[in-house]
Amino acid sequence: MHMAEQRHLSAPVLRGRLLLDEPMRKHLSWRTGGIAKRAYIPADLEDAAQFLRTVPAAEPIHFVGLGSNLLVRDGGYGGTVVLTHSTHGDIRLDSECVYAEAGAASPKVARYAANQSYEGGEFLAGIPGTVGGALAMNAGCYGAETWDIVDRVLTVGRSGELRKRLPEEFEIGYRHCGLRQGRLGDDVWFAAAWFRFRRGERARARRRITELLAQRIGSQPLNLPNAGSVFRNPPGDYAARMIEACGLKGCTIGGARISERHANFIVNAGGRGRAADIEALIEHARRAVKDRFGIELQVEVRIVGEAA
């Protein structure tokens, strides 16, 4: 057998969709952003692992779920984006844990756990992203954080290797998660997680979800394109309070505006704003808070790509 024939036979068979020059505004909750050179929509977890084996080692890769914590600059992203969100992402009971794939929406996990008479995961209903994103940034709200309920996780590497890991293999902090050995987000990504909840009452858990969602609807500009909280809260204070104290509610640059409802949200009304408008408004708010309070706000949103 010729070597060319051997290479052909050993090449992975991919079942997902490969998109070239994909506009990222279609996949980001801000509804703006540049073009990704390549985007791949895997058919399932195994297909995602197979695809990673085909990506050149030097090419940057970024996993995107619901795009609710991400800004892609107007010049685009010169690497490969893996679009993980799937309405069919597996969520199921596994012994005493709830297993959820990285592409499953966090609110869906909250509802599933409640319907199984588990309590302790209701806060996930207030996280507008996927399990993978929640793990990567230790997302939280209403006094709870994602890694509070993690029993173990499944990661996938560039080689396509799927590996189970325990929480002690990670450095966990406020809106932060890092791998103690390895480069999380560069060579290793989250594929799934097992969440451990406490047994409780189905009706009480569902009622708590309803209450938290009502609170979120009442305090956040959910009717306009946004990416959730832009800045991390500094110790002992709130980014929204500091931005509002600087008189920046309603402040506009191009098509981007600091929300009048919640000052730690930047909205893109009508989808008219560019990524550059949003980034400029982020920097404007940071400078204003630094000048008035002497505190450097840390951006919670991830910004990737090149300027136009």
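If you go through the stretch 276-303, how many residues are over 26 Å from Gly75 (Cβ atoms) and assigned to a helix (DSSP H, G or I)?
The qualifying residues number 6.
Which residue pairs have Cβ atoms closer than 6 Å, lie 6 or more positions apart in sequence or on different chains, and pair a first residue in the stretch 279-301 that is on the phi < 0 side of the Ramachandran plot with a second residue that is of a type in the set (Gly, Ala, Ser) and assigned to a loop (DSSP other than H, G, I, E, B)?
Glu300/Ser229; Val301/Ala227
Can you run down the residue pairs with Cβ atoms below 6 Å, 6 or more apart or on separate chains, where the first is in the stretch 39-56 and at negative phi and the partner is of a type in the set (Lys, Arg)?
Within 6 Å, the pairs are Ile41/Arg17; Ala43/Arg15; Asp47/Arg15; Leu52/Arg158.
For the structure I just gave you, tell me whether Pro42 is open to solvent by less than 40 Å² (accessible area, probe 1.4 Å) and out of contact with any Phe, Trp or Tyr (no Cβ under 8 Å at 6 or more places or on another chain).
no
Which ones in the stretch 198-221 are open to solvent by less than 60 Å² (accessible area, probe 1.4 Å), among the polar types (S, T, N, Q) and closer than 17 Å to Ser106 by Cβ?
Gln220
Would you pick out the residues in the stretch 234-259 that are under 17 Å from Asn138 (Cβ atoms) and free of Cβ contacts under 8 Å to residues at least 24 places away in the same chain?
Pro235, the sole residue that qualifies.
Only strands (runs of 3 or more DSSP E) wholly contained in the stretch 79-184 count here; list those with 3 or more residues that are in contact (Cβ under 8 Å) with a residue 60 or more places away in the chain and either out of contact with any helix residue (DSSP H, G or I) (no Cβ under 8 Å at 6 or more places or on another chain) or crowded, with 18+ Cβ neighbours inside 10 Å (or both).
Ranges flagged: 97-101.
Checking Gly75 against (1) in a helix (DSSP H, G or I); (2) surrounded by fewer than 21 Cβ atoms within 10 Å (Cβ to Cβ), only one condition comes out false. Which one?
(1)
When residues of the stretch 256-275 are filtered for being within 20 Å of Arg232 (Cβ to Cβ) and either open to solvent by less than 10 Å² (accessible area, probe 1.4 Å) or assigned to a helix (DSSP H, G or I) (or both), how many remain?
8
So which residues in the stretch 222-253 are open to solvent by 50 Å² or more (accessible area, probe 1.4 Å) and among the small types (Gly, Ala, Ser), if there are any at all?
Gly236, Gly247
Quick check: is even one residue across the stretch 52-61 within 17 Å of Thr32 (Cβ to Cβ) and of a type outside the set (A, V, I, L, M)? Spell out how you get there, then give the answer.
Within the stretch 52-61, the first condition is being within 17 Å of Thr32 (Cβ to Cβ), and the residues that meet it are none.
Scanning the stretch 52-61, I find no residue that is within 17 Å of Thr32 (Cβ to Cβ) and of a type outside the set (A, V, I, L, M), so the answer is no.
Would you tally the residues in the stretch 45-72 being assigned to a loop (DSSP other than H, G, I, E, B) and open to solvent by 40 Å² or more (accessible area, probe 1.4 Å)?
Looking only at that region, the number is 7.
The values are calculated or read from the model by the stated rules, or taken from the named source; none is laboratory data. Predicted model only: the values in this text are computed from it and were never measured. Heads up, the Cβs are rebuilt from the backbone with ideal geometry, glycines too, and the neighbour counts pull from every protein chain shown. Ligands, DNA and RNA are stripped out before the accessible areas are found, and what is left, the full protein with its side chains, is counted by its heavy atoms. Shrake-Rupley method; radii C 1.70, N 1.55, O 1.52, S 1.80 Å.
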